[in-house]
Every structure is written in structure tokens, then in C-alpha cells.
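Chemist: Quick one: the structure is below, questions incoming.
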Amino acid sequence: MIDAEKTKELYARAVVTWGAEAQLHMVAEECVELALEVLHYARGKGCSDQIADEVADVEIMLEQLKLMMRGVNPVFDEVVDAFRERKLQRVEQMLDDWRWHKEGDIVESDEEP
Ligand SMILES: [Mg+2]
């Protein structure tokens, strides 16, 4: 089992060894692979293990992305947290505004057009 400290060390080694440009490309590549696997799964193909495999890849690359972005902006994590908070508030508002039919179809919104 690789602990949290060793994991951080591996992320830093990966960025130093292969370089930021290569790792940025890997972030995008792994996100695309996850997106394709999700689409595949949505069509009734594949299995949860294949999704888990791609989720693990994306999580690993997101951690490296955050490490690289902290080099550009030392408060990058706080900026991400602030965006997440605002987006979650927006999701909550959207959910509160929608009324759902019992079969799950959206039938009406209180939101003004
Ligand atoms: Mg992958």
C-alpha cells in the first residue's frame, strides 16, 4: 500500500521526470478516456471496474495537475474550493427550482425564463 506521503512524492517525481507539458497532456488524455468509458457504460457496455480504472487514472492526473497549478498560483487549492462551493450552491438552487414527475421527467420549473 502506497501511503499519502509516498503518493505525493510520486506525483512530484512524475512531474519532474516527464515534465509539465507531458503531464498536462496526460491530464487531458485520461479525462478523455474516462469520458469515453462513461459513454460506453451509458450504452450498456463495459462494467463498473472499467469506470473505476479510468476514475483512478483521472484522480492521479488531477492531483498532478493541482501540484503543477500550485507552482503557478500558491493558493490554487483555495481557488478550486471557492469555485466548488459556488457551483454546489448553484446545483442546490437548480435542484430546489425544479419539480420532478414521479417517473423522473422534468415537468415544471419555478424559475422565470
Ligand atoms: Mg486511462
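The values are calculated or read from the model by the stated rules, or taken from the named source; none is laboratory data. These numbers come from a predicted model, not from an experiment. Glycine gets a Cβ as well: all are built from the backbone with ideal geometry, and neighbour counts include every protein chain shown.
Chemist: So, V55, is that one under 17 Å from the mean Cα position of the chain (by Cα) and either surrounded by 14 or more Cβ atoms within 10 Å (Cβ to Cβ) or touching a residue at least 40 places away in the same chain (Cβ under 8 Å) (or both) or not?
Modeler: Criteria met by V55.
Chemist: Suppose we keep only residues that are within 12 Å of the ligand (Cβ to nearest atom) and among the hydrophobic types (A, V, I, L, M, F, W, C) within segment 20-37. Which one would you say is surrounded by the most Cβ atoms within 10 Å (Cβ to Cβ)?
Modeler: L34
Chemist: Go through the residues of segment 42-49 one by one and say whether even a single one is touching a residue at least 12 places away in the same chain (Cβ under 8 Å), within 16 Å of the ligand (Cβ to nearest atom) and either out of contact with any helix residue (DSSP H, G or I) (no Cβ under 6 Å at 6 or more places or on another chain) or not polar (S, T, N, Q) (or both).
Modeler: no
Chemist: For segment 38-52, name all the residues that are modelled with pLDDT of 95 or more and either under 14 Å from the mean Cα position of the chain (by Cα) or not in a helix (DSSP H, G or I) (or both).
Modeler: V38, R43, G44, K45, C47, I51, A52, listed by residue number.
Chemist: Please specify each residue of segment 84-110 satisfying the condition of being assigned to a strand (DSSP E or B) and either at pLDDT below 60 or not hydrophobic (A, V, I, L, M, F, W, C) (or both).
Modeler: The answer is R99, I106, V107, E108, S109.
Chemist: How do the pairs read when you match residues in segment 60-89 that are assigned by TED's automatic domain parsing to the domain that holds I2 and buried (at least 16 other Cβ atoms within 10 Å of the Cβ) with residues anywhere that are modelled with pLDDT under 95 and not hydrophobic (A, V, I, L, M, F, W, C), using Cβ under 9 Å and keeping only pairs 6 or more apart or on different chains?
Modeler: Qualifying pairs under 9 Å: none.
Chemist: Among the residues of segment 13-30, count how many are closer than 15 Å to M69 by Cα and within 20 Å of the chain's Cα centre (by Cα).
Modeler: Here the count works out to 11.
Chemist: Let me spell it out: the conditions are (1) modelled with pLDDT under 95; (2) within 10 Å of the ligand (Cβ to nearest atom), and A56 meets all of them except one. Which number is the exception?
Modeler: So the condition that A56 fails would be (1).
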